[in-house]
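Beneath this line is the structure, given in structure tokens, with notes to follow.
What follows draws every value from the coordinates through simple rules; no lab data is involved. Every value quoted in this text rests on a predicted model; they were computed, and no experiment measured them. Positions of Cβ are generated from backbone atoms using ideal geometry, with glycine treated the same way; all protein chains shown enter the neighbour counts.
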Amino acid sequence: MREALRTWHEPTARVIVQQAGANSTTTRRVSTLKALLQQAAAELQAAPRDLKLFRALQHTYFQPAATQGQAAKLLDLPFSTYRRHLASGIAYVVEGLWQQE
């Protein structure tokens, strides 16, 4: 999961090929995995208290700042708080995808 988020913009990443299936096209693999990740993350927007987790994911993976330090600044958070929100957001996405299995 973390590798999938880190390689969001790399359509040839190994984890994408494994998740989408060996016989699918690269375009299909990328769009399938992106859709699953975005759907799981978007659920965080439903609850106001979880929006901060979504925003950390957004500025780190989906529309990334140049560095995590810059993402923390964009969110107006201390770096340690940003990292905590990011870790919680990743855990939420992972749990959501496991529930879909």
Selection count, the stretch 55-84, where residues are within 15 Å of the chain's Cα centre (by Cα) and crowded, with 20+ Cβ neighbours inside 10 Å: 9
In this structure, is Ala65 more than 18 Å from Leu97 (Cα to Cα) and without any contact (Cβ under 8 Å) to a residue 60 or more places away in the chain? yes
